[in-house]
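Everything below concerns the one structure shown next.
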Amino acid sequence: MAPAHTGNRRTRVHVVSDVHGNARDLARAGEGADALICLGDLVLFLDYADHSRGIFPDLFGTENADRIVELRTARRFEEARAFGARLWAGIGTDRAAAVERAVRRQYAEMFAAFPAPTYATYGNVDMPPLWREYARPGTTVLDGERVEIGGWTFGFVGGGLRTPMRTPYEIDDEEYAAKIEAVGEVDVLCTHIPPEVPELVYDTVARRFERGSRALLAAIRRTRPRYSLFGHVHQPLVRRMRIGATECVNVGHFAGTGRPWALEW
């Protein structure tokens, strides 16, 4: 990674989101950039493209992963929860402890792969309390906070909003809106989830609308950042669109592509 600077030459940052266990490509994601930005979802609980990968199939096998993906894709969430509950009951261990052990193994690998400097915020499947243990010097974790990179101000808001999926870091709309408000006016607004715009929140493979943020959309219209950067929706109907003066960009499903999105100014 190039050294950070605030001089007259151009600044380049690479942005990733939805890393979901792809430590190999993450280790190279900062090459040629002054900084790496990560918009969350480091954990791989279940790979919807390859049901043999992730915490769930490691614990319960690929056939059960096939079944739960089938139920969730069909939006049969109650059946999926009941099916999952039966599986957890069958392994005879504490669910939270089993998941935490698996997440810790993934976090050790993911955080070791971060180059310096990295600026990161949480995704909806992340476990924020653990990040403090694994973030190394050179990795700055931000949530409802700002940082300056190359003379531009970047604001970070992590997590997702409440859904029937009940992923680990879902928060109330009011709490999320307060973090957006705390960030204020910035050049680049970095979030895990997109603004609530149908084209940006619809996943064409999962065939469902994910939850975006109305508070984020309102902030974009009110404060007019240069860019709004986000991930969360793996196969969006639209990856990029303008909202007023702001370029809104889904930086991509890094677990699938292995390529960061680049911003230079």
Check: Out of Ile37, Ile68, which single residue is modelled with pLDDT of 90 or more and either more than 22 Å from Pro194 (Cα to Cα) or small (Gly, Ala, Ser) (or both)?
Finding: Ile68
Margin query: With of a type in the set (S, T, N, Q) and over 26 Å from Arg101 (Cβ atoms) as the only criterion, which of Thr73, Thr62 stands out?
Written below: Thr73
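For the range 167-183, name all the residues that are touching a residue at least 24 places away in the same chain (Cβ under 8 Å) and open to solvent by 50 Å² or more (accessible area, probe 1.4 Å).
Filtering the range 167-183 for residues touching a residue at least 24 places away in the same chain (Cβ under 8 Å) gives 167-170, 173, 176-183.
Residues satisfying the conditions are Pro168, Asp173, Ala178, Glu181, Ala182.
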Check: Out of all the residues in the range 214-233, which are open to solvent by less than 50 Å² (accessible area, probe 1.4 Å), out of contact with any Phe, Trp or Tyr (no Cβ under 8 Å at 6 or more places or on another chain) and part of a loop (DSSP other than H, G, I, E, B)?
Finding: Pro225, His232
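Among the residues of the range 69-101, which ones are assigned to a helix (DSSP H, G or I) and within 30 Å of Thr139 (Cβ to Cβ)?
Initially, the range 69-101 is screened for residues assigned to a helix (DSSP H, G or I), giving 69-73, 77-91, 95-101.
Across the range 69-101, the qualifying residues are Arg95, Ala96, Ala97, Ala98, Val99, Glu100, Arg101.
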Notebook entry, point to check: Quick check: is even one residue across the range 237-246 within 20 Å of Ala35 (Cα to Cα) and assigned to a strand (DSSP E or B)?
Noted result: no
Notebook entry, point to check: Which residues, taken from the range 184-213, are assigned to a strand (DSSP E or B), open to solvent by 20 Å² or more (accessible area, probe 1.4 Å) and either in contact with a helix residue (DSSP H, G or I) (Cβ under 7 Å, 6 or more places away or on another chain) or among the hydrophobic types (A, V, I, L, M, F, W, C) (or both)?
Noted result: Phe209
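The values are calculated or read from the model by the stated rules, or taken from the named source; none is laboratory data. Here the structure is a predicted model, which means the values were calculated and not measured. Virtual Cβ from ideal backbone geometry, glycine too; neighbours counted across all protein chains shown. Protein only, heavy atoms only, side chains kept; ligands, DNA and RNA dropped before computing areas. Shrake-Rupley method; radii C 1.70, N 1.55, O 1.52, S 1.80 Å.
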